[in-house]
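Enquirer: Let me begin by handing over the structure; questions about it come next.
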Amino acid sequence: MLRRVPDRPMQPRSTALRLALVFVAGGCVPVHAAVPTDMLVANAIIGALVLALVAVLLLTRQRLRRRSQMISELADAVERLALRDHVGEPKPPEPGAIPGLPGELQRLQSALQKAASSHDYLNQVIRTIRDALIVTRTDGSINRANPAAERLLGRSNAELCGLPLVSLVAENQRAEFSFEDNQGRARETTLLDAAGEPVPVSYSCAALGGDDPALRGHVVTLRNISERKAAEQRIRYLARIDALTKVPNRMQFQHLLQRALARARRGKHRLALIYMDVDKFKEINDTFGHTAGDLCLETLTTRLRNVLPEGSVIGRLAGDEFGVILDNLDPGRNLRAEVVATTRLLQETISEPLNFQGHQIYTTVSAGISLYPGDGNNVIDLIRNADAALYRAKRQGGGALDVYHPDMNAAAVDRLMLKSRLRKAFEKNELRVHYQPKIDLRDGSVAGAEALVRWELTDRGLVLPSEFIPLAEESNLILELGEWVLDRVCRDYRHLLDSAINPGRISVNLSLRQLKQRDFISRVRAICSQHRVPPESLELEITETTLMEDPTRTMRILADLHQMGLRLAIDDFGTGYSSLSALQQFPIGTLKIDQSFVRHATTSHDQATIVALIIEMGHTLRLDVVAEGVESEEQLRFLKALNCDYAQGLLFGRAMAADDFRDLLLDQGAVTSRYRSLFARG
């Protein structure tokens, strides 16, 4: 028998539906109730409105769910695009679901694909850059390294990421390492590779900005400069050590003598200088050839090393002249007697016969001695006095020696008289400015000149600048002389311009005393302005010694001169103690190779190597290179083969007066120009 289940009211699924049923139920009344007809109509209308509202709410909810699903799909597609996964593309929404959305989605997809493509292209560029590139975070830790950086440091990108970049810097250079921008100038430091080996590099940094802190940091570009450092070291060695005998050359010997004198002053001990010259060395060369002469010089230095006490210094001061420094001599012994005995032992050892191709060659040396502190307290006086003693010894015949005595110092008296005559010559306007042409090695044209001071005496002829310029530097005359030269050059330059002649760029030598003038820059500006000569038409030459005397102050002065438009050149490059790394800090535009290197460049492999390295490294630093002292066509061809920019020397004529230089400039376009004919043969 079936049991009847009592009727249960249906439970609405939503709050809106419950309200609708309540309103509808409110309009239902028992049929037996007496309800006015107007009320029934009103209830029916309300019920219909409620049902319509419910339908709208349900439809809206369905559409919201559909849009939420589309947004989720869009987010997934965007994420795949960000990861450069183009396999799954976002499904287009149903038409009319969201007005304009299909087009926006397509534009967004296209933009993301382009961004991903640009990202891949940028990665490819970074991977192919030859310089090492490291990206760091704000805390200095490595965020990324390109393959060149991996090769430089011998570590993979994974090994480098997270390491503080400063931890890869050699410990003794970490304090100087900085991420700060150096105004476009590269710094230098030493990194350690995976094996702990030092790697010298030049580096520059640039800051990464942005609103997102996670993207901030630095980009560090590094370049391996091991080869350049090795070349610099080689140049320094060749510039200071005599290529034949492998002992210090004159410049280095003087430097070592200066250091020995400083030690002697501090320790209050004595030292001696022996100046030796090979007797009749020219006859050996003329009789047996230069090979025999070279062998004699090499053997001489070897024998000196074998005899001299430890700590002694040997130097080759000229072709057949040598110097010996005996340092830290016993104060308890007779200094003069001890040095004379040592010198005689050296002479006896050197005089032993030398076998050369079946011949025995006998050599002797004359010697002059000066002692510290009695015969001089500085390098110049000691060498000059030892040379005076050598001169007197050679007058006695071969194999002699002499010790300096004040009576020998007639040269010093002559020097004082020359200094006095120089002052009078300057006051009487007896000095002259001549111009040494500077030739462009590309086509043989005259590109400018170097201004040189000339002084000629009626009783002794031409006095070389190497004689009277040091005298002028000992007094304030060098300041007046330097300003007079600059004024004369500007006056001559103005005359040439007024004659419609372009003289090119004129070089003027600058002394250390001039740079120390407080108003030097204003003086230069006033002279250029007075003669209406553009500063760009002038080039100031300074030596390496002048440059490195006070680098900080010098850099500031040179920067001001450079800003005026003046070009700056390093004169006699290779004879000083600077390096190209140091020169990079100065606004230098030209390197001038010292004539001592050019003179033997075609006959000495070492000298040729120095010249080639200077030219190559000068061009690497975007500097013009000028070779001084070119005297032969063979030297010219050698320099042209190395792409040297300019040359000057006797091959192109001696320094000439302003009128002769004017004629040269007028003639340089002629077909018969002597300079162009040289280039035609070269």
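The values are calculated or read from the model by the stated rules, or taken from the named source; none is laboratory data. Given the structure is predicted, the values throughout are model-derived calculations rather than measurements. Cβ sites come from the backbone with ideal geometry, for glycine too, and all protein chains shown count toward neighbours. Keep in mind that these areas ignore ligands, DNA and RNA; they rest on the heavy atoms of the full protein, side chains included. Shrake-Rupley method; radii C 1.70, N 1.55, O 1.52, S 1.80 Å.
Enquirer: Give me Rg over Rh for the stretch 241-311, both radii from the alpha carbons and Rh done the Kirkwood way, two decimal places.
Expert: 1.07
Enquirer: I would also like to ask the following. Sort 363-374, 238-249 for me by packing, meaning the mean count of neighbouring Cβ atoms within 10 Å per residue, highest on top.
Expert: 363-374, 238-249
Enquirer: Among bridges DSSP assigns within the stretch 456-572, what percent are antiparallel (round to 5)?
Expert: Antiparallel bridges: around 20 percent, rounded to the nearest 5.
Enquirer: If packing is taken as the average number of other Cβ atoms within 10 Å across a peptide's residues, how do 346-355, 220-229 rank, most packed first?
Expert: Highest-to-lowest ranking by the protection proxy: 220-229, 346-355.
Enquirer: Calculate the FRET efficiency for ALA195 and GLN396 from the Cβ-Cβ distance with a Förster distance of 45 Å, rounded to the nearest 0.05.
Expert: About 0.10, to the nearest 0.05.
Enquirer: To continue, here is another question. Computed FRET efficiency, Cβ-Cβ of THR602 and GLU171, R0 35 Å: what is it to the nearest 0.05?
Expert: 0.15
Enquirer: Let me ask something else about it. Roughly what would the spin-label model give for LEU650 and GLU348, points 7 Å off Cα along C-beta, in nm?
Expert: Inter-label distance under the simple model: 4.4 nm.
Enquirer: I need the semi-axes of the equivalent ellipsoid of the stretch 208-329: take the C-alpha gyration tensor, multiply each eigenvalue by 5, square-root it, list largest first in whole angstrom.
Expert: 47, 24, 10
Enquirer: Give me the percent relative contact order of the stretch 458-586, please, defined on Cα pairs under 8 angstrom at least 6 residues apart.
Expert: Normalised by residue count, the contact order of the stretch 458-586 is 22 percent.
Enquirer: With a 10 Å radius around each residue's Cβ, average the other Cβ atoms per peptide and rank 386-396, 165-175, 459-469, highest first.
Expert: 386-396, 165-175, 459-469
Enquirer: Spelling out what I want: for every residue of the stretch 234-243, take phi, set θ = phi - 60°, compute 6.51 cos²θ - 1.76 cosθ + 1.60 (Karplus), and round to whole Hz; glycine and proline get x.
Expert: Once rounded to whole Hz, the list reads 5, 4, 4, 5, 5, 6, 10, 10, 5, 5.
Enquirer: In terms of Cα to Cα distance under 16 Å, which lysines are near enough to LYS280, apart from those fewer than 8 places away along the same chain?
Expert: Cross-link targets: LYS394.
Enquirer: What does the accessible area per residue of the stretch 137-295 come to in Å², with a 1.4 Å probe and no ligands, DNA or RNA counted?
Expert: Heavy-atom accessible area per residue stands at 54 Å².
Enquirer: Is the stretch 206-249 best put as rounded, prolate or oblate by its Cα gyration tensor, with a ≥ b ≥ c the root eigenvalues, rounded for a/c under 1.5, and otherwise prolate when a/b is larger than b/c, oblate when not?
Expert: prolate
Enquirer: What percentage of the solvent-accessible surface of the stretch 310-426, computed with a 1.4 Å probe over protein heavy atoms, is contributed by carbon and sulfur atoms?
Expert: Carbon with sulfur: 49 percent of the solvent-accessible area.
Enquirer: Could you report the stretch 444-592's accessible area per residue, 1.4 Å probe, as an integer in Å²?
Expert: With the other protein chains kept in place, the stretch 444-592 gives 42 Å² per residue.
Enquirer: Tell me whether the stretch 470-547 comes out rounded, prolate or oblate; compute the Cα gyration tensor, take square roots of the eigenvalues as a ≥ b ≥ c, and use a/c under 1.5 as the rounded threshold.
Expert: Prolate, because a/c is 1.5 or more and a/b exceeds b/c.
Enquirer: For the stretch 326-421, what does the accessible surface come to per residue with a 1.4 Å probe? Please give it in Å².
Expert: 54 Å²
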